[in-house]
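Only one structure is covered here, and it is reproduced in the block below.
Only the coordinates and a few stated rules stand behind these numbers; no lab work does. In this text the structure is predicted, and so the values were computed from the model without any measurement. Every residue, glycine as well, gets a Cβ built from its backbone with ideal geometry; the counts of neighbours run over all protein chains shown.
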Amino acid sequence: MSASATTSPGDRFDARCASRVSGLLRPFNEIGLLAPADVHVATRLGELVGEDSEPVRLGAALAVRGPRLGHVFVDIATIRDTASIESDQPVDLSALPWPATEGWIDQLAASELVAVGERGRSTDLPLRLLGTRLYLDRYWREECRVALDLRQLTAADPLDVGVELLAQGLRRLFVAGDAQDRQRLAAAAAVLCRFAVLAGGPGTGKTTTVARIVALLAEQAAAQGARPPLVALAAPTGKAAARLQEAVHQEGAVLAVSDEIRALLRDLRACTLHRLLGWRPGSHSRFAHDRENRLPHDIVIVDEASMLSLSLTARLVEAVRPDARLLLVGDPGQLSSIEAGVVLGDIVGPAAEGLLMNAAARARLARATDSEVPAKDPPSDTKIGDGIVVLDRVHRYGRGIAKLAEAIRRGDADAAIGAL
């Protein structure tokens, strides 16, 4: 079968464009590092502004390539060492004619295609250079927007939480002892913070903890004489949403809670995140709920958050009311988004190795949990880490499987072989 019979007209156009390309882009295209579409976009952008610098066009092509591989930027200083392609044969990408880093960055900074720094000279240029990182400007803006929205959510006035009531609920819903200490801590953090992350690997009890968090929040509302909280349960896929709903219903049926709270848990329905936000046919990036039309929910809980792309996270965070709670649940090392951005992993960050919380947050959590909180001060003056807890105890599997899974997650081959 001929190539023309297996490609669309757009593909054939891109293929001709790539075959005609010369100069610096050609060897990168021929070896397979740059796709025809990357070459076409970079070439067209250069033609539009009269940018004939080959290193600039190469940078643009690499920036276009990045989101297709899940990256929101390309690091000019390290790309020659970190770039890879799928190939049946060994390929030495370091042998490609990479520009010298310093001169490459200087040419990018001088280009009419590139805004430099956070206060770039224009807001409508396609590329953004911050240090050695080159972004498509759209992704840089979405990254900034998510960071700002989360900072504003965590910097809001402290929530009106009855800490003694919370402590009573934690003692009732979580068995005392080492096995559930992190689950209890995570539940307390989710009640005390507007933004929280419940992270952990498979079998660590994330979804069962979600049901208890909702029960604790409902008890707080009842004690204040308020209506039951309006709760949204969502996940990136329908299958994940169904699993979340089932887990919450099963856990709610056996929890030591009032009939009213049990009914609240039983009546919760989960949906896809696109449905929650109000997906509009024909639009991949805008939804009915946004900054001007916020979600009505008091608590928004999103499971399998590792699957969230940067763009979808931006749409979610902007739709949450400033006085509401947002809880992300997921495993940073599993099921990453097929689009650009590893948002959950970036948010959890160093907390995966050790919890990072401000002194005031640690003190409130210690009062609620009746125990010392194993956390250190964050590296910067931010409250985002106050609600991030990583569950580290596997309950679903036997001890041997749990040890094997943990060794694989760490990349420890010797420990994995030992567990086998």
Could you tell me whether segment 170-279 comes out rounded, prolate or oblate from its Cα gyration tensor? Rule is a ≥ b ≥ c as square roots of the eigenvalues, rounded for a/c under 1.5, then prolate if a/b exceeds b/c, otherwise oblate.
oblate
Give me the number: length gained by fully extending residue 144 to residue 275, i.e. 0.36 nm times residue separation minus the C-alpha to C-alpha distance, one decimal in nm.
44.7 nm
Cα→Cβ-extended label distance, 7 Å offset, between residue 323 and residue 101, nm:
5.0
List the residues, sorted by chain then number, that are 5 or more residues from residue 77 or on another chain and whose placed amide H is less than 5 Å from its amide H.
none
Between residue 237 and residue 81, what length comes free when the chain is fully extended (0.36 nm per residue of separation minus the Cα-Cα distance, one decimal in nm)?
52.6 nm
Working out 0.36 nm times the residue gap between residue 30 and residue 133, then minus their Cα-Cα distance, what length gain in nm do you get to one decimal?
34.6 nm
Taking the C-alpha atoms of segment 249-339, convex hull volume expressed per residue in Å³
124
Using alpha carbon centers only, segment 232-299 is separated from segment 134-193 by a whole-angstrom value of 18
